[in-house]
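What follows is one structure encoded as structure tokens, with my remarks underneath.
The values are calculated or read from the model by the stated rules, or taken from the named source; none is laboratory data. This structure is a prediction, so every number in the text was calculated from the model and none was measured. Cβ coordinates were reconstructed from backbone atoms using ideal geometry, including for glycine residues, and neighbour counts include every protein chain displayed. Keep in mind that these areas ignore ligands, DNA and RNA; they rest on the heavy atoms of the full protein, side chains included. Shrake-Rupley method; radii C 1.70, N 1.55, O 1.52, S 1.80 Å.
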Amino acid sequence: MIKRGITVFALALLLAVPSAFAADGAAIVKPCGSCHKLAGPAVKTIAEVKARKAPDLFYAGSKFNKDWLVGFLQNPTVIRPAGTVYSNNIKTTGDTDTVAAPAKCASKLSAGDAAAAADYLMTLKDAKMKTGVAKIGEFSKAKAKMLIIKTEACNGCHSIEGNGGLSCPTWEGIGKRLNPDWVYSFVQDPQYWDPKVWMGKRDLDDASMQLVVNYIASLK
Amino acid sequence: MKTIVISKFSAAMFAAALFLAAGMVGSASAETAADNYSLYCVQCHGTAGTGKGINAPYLAVAPRNHSDAKAMGELSDANVALAITEGGSAVGKSTQMPAWKHNLTAAEIKDIVAHLRKMCKCTGAAK
């Protein structure tokens, strides 16, 4: 009788352990709120933008690919060469601006915590974002580059394939990082996501948008 | 006494109207020209406005030097406003200058043109 009781207790303990020790993604992410905005809406003034310490995460589940998030949370890298808000990281010598070293995310999670945090972040979605709009498949890279580099000059602000401006996020590995549907939405209307973002809205038709999202998705 | 009561009521109504109006302005988020310049223009044109922003080394065409009185003086205010509104291609210049019409209101663009005139210490050419 006693033996059976011990066995039942041990079994119950065994079953309870995984849930008791499973990392709580929300709790892991909560301290990130000291720098990242974890709840909307986005700020609406330049003063508020300049006070931003780190990118908004309240729509992380719409924006990111989960696999990338899990890796990044374990080993954060610099995505914005001039920091979250480029104008806060300018060093002016004479009449020439250069970039002062931007602050890097100090948090580094274990594999288990990163997976739990990513699970939670993926729940932070924008309900209005259309999904299934990006049609990823075969595309003309030459046409895409003509549009992106020559016509829209995205490389003026973004580093693309190792060359380009510093005020906006690098496109290195961007295909791993971003959800193509979010890219479609952001390029179509950056101000929907961030009213004062320093990127001009483009008037592109769907065929052009598909070239942009396919090219970006290919950069892995 | 009655007059005072009415005045207080009117003042309260005026304050409420002002509050609502302020809220509307707040949602539109009109900014000063200096603030708009510091966020949208400085990335290429630079803090000093001399065309030496952090993106400038990566641009095929050098950004305009807003402190150059001669070059800026050759442009009309309408031309400058059009370049900001519709982008460089609208005035026969580089496509690397994007259209800012979705970021800035017409009033804000007008203010930026005035701000540029202060930077170049020049007046615009006649159309």
In the range A:115-156, what count of residues is obtained for those that are among the hydrophobic types (A, V, I, L, M, F, W, C), outside any loop (DSSP other than H, G, I, E, B) and open to solvent by 90 Å² or more (accessible area, probe 1.4 Å)? 1
Can you tell me which residue within the range A:173-220, out of those that are within 15 Å of the chain's Cα centre (by Cα), buried (at least 20 other Cβ atoms within 10 Å of the Cβ) and not in a helix (DSSP H, G or I), is farthest from the other protein chains (Cβ to nearest Cβ)? A:179
Looking only at the range A:114-130, decide whether some residue is over 20 Å from residue A:38 (Cα atoms), of a type outside the set (Phe, Trp, Tyr) and in contact (Cβ under 8 Å) with a residue 24 or more places away in the chain. yes
Helices (runs of 4 or more DSSP H) wholly in the range A:22-91 with at least 2 residues that are over 18 Å from residue A:182 (Cα atoms) - which ones? A:25-29, A:46-50, A:66-74
Scope the range B:78-109; condition among the β-branched types (Val, Ile, Thr) and within 17 Å of residue B:33 (Cβ to Cβ); matching residues: B:80, B:84, B:85, B:105, B:109
Can you pull out the residues in the range A:170-211 that are in contact with a His (Cβ under 7 Å, 6 or more places away or on another chain), over 21 Å from residue A:45 (Cα atoms) and not aromatic (Phe, Trp, Tyr)? A:170
Considering only residues that are part of a helix (DSSP H, G or I) and either at the interface with chain A (Cβ under 8 Å from one of its Cβ atoms) or among the polar types (S, T, N, Q) (or both), which ones fall in the range B:70-102? B:79, B:85, B:89
